[in-house]
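Novice: Please read through the structure below; I'll follow up with questions.
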Amino acid sequence: MTVTLLRLPNSWLTVSKDFRQIYELQYCILSNLLDYNSSLVAPYERPALSKGYLLPEAAARLPSFHTCVGANEERLTPKWYKEHGVELVLGTGVKSADVKRKTLLTTTGETISYKFLIIATGARALKLEEFGVNGSDAENVCYLRDISDANRLVNAIQSSPGGNAVVIGGGYIGMECAASLVINKINVTMVFPEAHCMARLLTPKIASYYEEYYKSRGVKFIKGTVLSSFDFDSNGKVTDVTLRDGTKLSVDMVVVGIGIRPNTGLFEGQLTLEKGGIKVNGMFQSSNSSVYAIGDVAAFPVKAFGEKRRLEHVDSARKSAKHAVSSIMEPDKTGEFDYIPFFYSRVFTLSWQFYGDNAGEVVYYGDLSASGSTFGAYWVNKGHVVGAFLEGGTREEYEAIAKTTTLRPAVEDLTELERQGLGFAVAV
Ligand code: NAD
Ligand code: ISD
């Protein structure tokens, strides 16, 4: 039986090694449906877009980063889908879904029936208009979610040699794009409302390390304020950015990374939602037993935290995809998903990983004042290590902090934990 893969751009969410088993069943996988017109390429690894794709030399380009190369697995080119009996439907959206009837209606007017549905619709970038600012359509205002956004960003970079960019947002997109702009010799000012960058994850002390490094590379920070309006030239290009604190900045280009919203629209009123996403159990099954949800759109139980989380990261996307497939194919052999959240980023020559939960007291180790150093932190909650961050570690050291957050060892003496530093994790 053929699989219908309804794909819209950048859907590594749907694809895992086990994906090839799918063609034994009748499946439908919905992926990134809202952007369906913007790209006609087979699923790819989105993390490349804010990193290697933006480099001035030897930039990453398709087909090199089709899924699943990021997981060190086979590269799934269009030929792969053909050879494995997977129908790859590009440039087609789903207009409506009827989970009771188990049907989908596509933008081409086709009705598709399914036995199981895996929702991997991901999320969409929040637009400035949602905060009352107009101008997202200007050609030098760039978002970054899919490959067409990345192409637009590359064009803007190439049209602004030695120019000025304002990066709005201090999260993953803001930090990774700012680093790429600097590497492209563009002057960068970052603007975000919080007191420090990466506020969802990092403590002020860790964030300060990265901000100082960025400053040493010429990046300016304007914190505690947001964009208020743009000025445009007669061609509709943004020339100036005015901030709510009154600052006016002259720009050649603007990059916006102000967060995402899960694409749940098709299923609202049909499936139970939680944390802004589709609520699923430990098998990734939604409130309708034939419908599964994975990746950024799924709110799943994180056993170790005793609550549901919606995780926006490639690692949970890959692993949730694999687990959902296994839940469907081998329900008797598949247990509840047991996952420790993992996040990472690479900018300039820096590279960090974080595992677990950033809750509780923070214990730092290493030299956070020296650029290029190895340092880290543990989060200790209710007497147990629940989270661990490490900058500049080796593979073995990252494995050690991952293991530590899985085992959650008890810690009584925080001073002793600080003294042992990375050695504590290595010895666990
Ligand atoms: P984010 O949630 O990481 O950061 C959003 C940032 O925008 C925050 O700093 C926030 O304060 C700021 N912000 C919100 N409203 C604002 C406003 N009106 N003006 C200025 N700043 C505002 O989201 P993102 O950076 O847009 O990233 C989008 C998605 O891509 C996330 O899901 C992220 O996890 C993912 N991503 C991850 C990686 C990685 O894991 N390495 C890399 C790139 C993207
Ligand atoms: O690692 C990443 C990355 O670069 C993304 O864009 O995870 C994300 C997504 O938010 C997962 O969809």
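The values are calculated or read from the model by the stated rules, or taken from the named source; none is laboratory data. Bear in mind that the values here come from a model prediction, so they are computed numbers and not experimental data. So basically every Cβ, Gly included, is an ideal-geometry build from the backbone, and we count neighbours across all protein chains shown.
Table: residues versus (1) more than 12 Å from ligand 2 (Cβ to nearest atom); (2) at pLDDT 85 or above; (3) surrounded by 14 or more Cβ atoms within 10 Å (Cβ to Cβ).
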position: ARG46; (1), (2), (3): no, yes, yes
position: GLU57; (1), (2), (3): yes, yes, no
position: ALA60; (1), (2), (3): yes, yes, yes
position: PRO63; (1), (2), (3): yes, yes, yes
position: LYS79; (1), (2), (3): yes, yes, no
position: LYS82; (1), (2), (3): yes, no, no
position: GLY85; (1), (2), (3): yes, no, no
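Novice: Sticking with this structure for a sec: Could you identify the single residue in ALA317, ALA304 that is under 11 Å from the mean Cα position of the chain (by Cα) and either outside any strand (DSSP E or B) or among the aromatic types (Phe, Trp, Tyr) (or both)?
Specialist: On the way: ALA304 fails: under 11 Å from the mean Cα position of the chain (by Cα).
The conditions single out ALA317.
Novice: Show me the strands (runs of 3 or more DSSP E) found entirely inside the stretch 210-265 where at least 3 residues are under 30 Å from SER371 (Cα atoms) and modelled with pLDDT of 95 or more. Walk me through it before giving the result.
Specialist: Details: elements: 220-223, 227-232, 238-243, 248-250, 253-256, 260-262.
Once the strands (runs of 3 or more DSSP E) in the stretch 210-265 are filtered for at least 3 residues that are under 30 Å from SER371 (Cα atoms) and modelled with pLDDT of 95 or more, what remains is 220-223, 253-256.
Novice: Any idea which of (1) under 30 Å from GLN270 (Cβ atoms); (2) away from ligand 1 (no atom under 15 Å from the Cβ); (3) in contact with a helix residue (DSSP H, G or I) (Cβ under 6 Å, 6 or more places away or on another chain) is the one ALA317 doesn't satisfy?
Specialist: Going through the list (1) under 30 Å from GLN270 (Cβ atoms); (2) away from ligand 1 (no atom under 15 Å from the Cβ); (3) in contact with a helix residue (DSSP H, G or I) (Cβ under 6 Å, 6 or more places away or on another chain), ALA317 breaks only (2).
Novice: Are any of the residues in the stretch 101-119 of a type in the set (Val, Ile, Thr), without any contact (Cβ under 8 Å) to a residue 40 or more places away in the chain and more than 29 Å from GLN270 (Cβ to Cβ)?
Specialist: No.
Novice: Could you grab the pairs with beta carbons closer than 8 Å, sequence gap of 6+ or different chains, first residue in the stretch 260-272 and within 14 Å of ASP98 (Cα to Cα), second one part of a helix (DSSP H, G or I)?
Specialist: THR264/VAL297; GLY265/LEU34; LEU266/LEU33
Novice: Filter the stretch 266-282 down to the residues that are assigned to a loop (DSSP other than H, G, I, E, B) and among the small types (Gly, Ala, Ser), then identify the one that is nearest to the chain's Cα centre (by Cα). Working first, answer last.
Specialist: Here is the first cut: in the stretch 266-282, the residues assigned to a loop (DSSP other than H, G, I, E, B) are 269-270, 272, 275-276, 280-282.
From what's left, among the small types (Gly, Ala, Ser): 269, 276, 282.
Values: GLY269: 26, GLY276: 15, GLY282: 21 Å.
Result: GLY276.
Novice: While we're looking at this one, here's another question. How many residues are surrounded by fewer than 19 Cβ atoms within 10 Å (Cβ to Cβ) and part of a helix (DSSP H, G or I) if we restrict to the stretch 323-343?
Specialist: Here the count works out to 1.
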